[in-house]
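Please find one structure pasted underneath; my questions will follow.
What follows is calculated from the coordinates using simple rules that are stated; it is not laboratory data. In this text the structure is predicted, and so the values were computed from the model without any measurement. Quick reminder, even Gly has a Cβ in these numbers, built from the backbone with ideal geometry, and neighbours come from all protein chains shown.
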Amino acid sequence: MSATAAEETMVVSNDFQGCICAPTSPWGLPPTLTAQAMVQVTAQVAAPNIIVISIAAPRDTFNELVAKWRRDTDHISSITKTVMHPCYQTIMAMGRPAVPLILEELRDRGGHWFWALRFITQQNPADGCVEFDAARGAWLEWGRRESYIS
């Protein structure tokens, strides 16, 4: 009896607890991410184009993903295209552990992190903000209030 794609994906999830599964893409992932985060490519398990990333070193993984994301998207004006980049999507897949890292990045370097923050937290303290600086300030204040950053 053959498992459905959903069942196979479930098996992959259970086999790789503590890991993030992220789709590969033509952009690829940073080469140093392999050593730093123990990237493993699943071998024809459920989907041959899934990368499994250990979150044993979330800050290192996050920094590598951000660097690759910025290199690949800094010249792109479409916010939709930048947030659909595989590195950004992988950061979103990190879930709550990524929130303080995203807020620090937003505070220190800026960037379009509102999509990821809203997705992960299911909140939007910047609702109604029309300017970047106002939205940034609202998220940073929320991060301080929720003890994600100081």
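Please rank MET94, MET84, fewest neighbouring Cβ atoms within 10 Å first, as an exposure proxy.
On the way: MET94 21, MET84 13.
The most exposed by this proxy come first: MET84, MET94.
Would you order TRP69, TRP115, TRP142 from fewest to most other beta-carbon atoms within 10 Å of each residue's own beta-carbon?
Values: TRP69 23, TRP115 15, TRP142 18.
Least to most surrounded, the residues fall as TRP115, TRP142, TRP69.
Let me ask something else. For region 68-150, what is the convex hull volume of its Cα atoms per residue in Å³? Kindly include the intermediate steps, with their values, before the conclusion.
Numbers: hull volume 7.7 nm³, N = 83.
Value for region 68-150: 93 Å³ per residue.
Follow-up. Quick one: order THR80, THR61 by neighbouring beta-carbon count within 10 Å, fewest to most. Before the final figure, lay out each step's value.
Details: THR80 8, THR61 27.
Sorted ascending by nearby Cβ count, the order is THR80, THR61.
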